[in-house]
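The values are calculated or read from the model by the stated rules, or taken from the named source; none is laboratory data. The model shown is predicted, which means the values in this text are computed figures rather than measured ones. All Cβ positions, glycine included, derive from the backbone under ideal geometry; neighbour counts span all protein chains shown.
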Amino acid sequence: MLQWFTGLSARLARSMKDKRGSGTIIFGLLFLIPFMTFSLFLIESRLLYTVKNAADDAVTAAALAALKSTNPVDIAYGEYMLDINTARETFYEYLRKNMKLDAGMNPLPGSIAAGAVYVEEFTVYNPGSYPTFCSRGTYIQNTAIHVVVRFKTRRAALKGLFGEYVDITIHRDVDNYYNLQEE
């Protein structure tokens, strides 16, 4: 194997001395390096998009579980009141399960997070507090839960170019859209 590399390097050295083919090698390198970097960027951006979608699904499922933390019969007949503490506890419980986090909101093996997960905003909108807009501008017109979650995930490639971690922020406003009418 060493002879193969030695032979290849000797040929390249002879080719560069003769100036034959050096333009092709330089042009090839000038084309190949940006092309490979752009390809890695595209692959990594799709991977990070998939990670963000998985986290968004985890946050949405936890918020839906928190909405269901009240009596389901009350939910079916229109406006209902959520207990803020019960909804918060339920949300955190399911967020920890969905994102594979420990009790301190730190990642367990297999988690998509690379550090602690922070719930920056958690607001319950009960009747009387809507219609309104959440802090991020979404119109709230039903009993809803507003949540903003932030965490870091590891970058798969291009670490030296853009840093090792990527910040991901998930904003969700979750409510129930159905209403069962009594006859």
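Find the residue count for region 102-114, including only residues that are within 15 Å of the chain's Cα centre (by Cα) and surrounded by 14 or more Cβ atoms within 10 Å (Cβ to Cβ). Step through it out loud before you land on a result.
Taking region 102-114 and keeping what is within 15 Å of the chain's Cα centre (by Cα), we get 107, 110-114.
Add one more test, that the residue is surrounded by 14 or more Cβ atoms within 10 Å (Cβ to Cβ), and what stays is 107, 111-114.
Counting residues in region 102-114 that are within 15 Å of the chain's Cα centre (by Cα) and surrounded by 14 or more Cβ atoms within 10 Å (Cβ to Cβ) gives 5.
Here's a check for you: in region 16-45, which residue that is of a type in the set (Ser, Thr, Tyr) and out of contact with any helix residue (DSSP H, G or I) (no Cβ under 7 Å at 6 or more places or on another chain) is modelled with the highest pLDDT? If we take residues in region 16-45 being of a type in the set (Ser, Thr, Tyr) and out of contact with any helix residue (DSSP H, G or I) (no Cβ under 7 Å at 6 or more places or on another chain), then Ser45 is modelled with the highest pLDDT.
Answer yes or no as to whether Met105 is out of contact with any strand residue (DSSP E or B) (no Cβ under 8 Å at 6 or more places or on another chain) and in a loop (DSSP other than H, G, I, E, B). If you could, list the steps in order and put the result at the bottom.
On the way: out of contact with any strand residue (DSSP E or B) (no Cβ under 8 Å at 6 or more places or on another chain): no; in a loop (DSSP other than H, G, I, E, B): yes.
So Met105 does not fit the description; no.
Just one of the listed residues (Pro131, Pro127) is over 29 Å from Leu161 (Cα atoms), in contact with an Asp or Glu (Cβ under 6 Å, 6 or more places away or on another chain) and surrounded by fewer than 14 Cβ atoms within 10 Å (Cβ to Cβ), and it is Pro127. Considering each residue of region 82-102, count those that are of a type outside the set (A, V, I, L, M, F, W, C) and farther than 21 Å from Asn71 by Cβ, and give that number. Here the count works out to 5.
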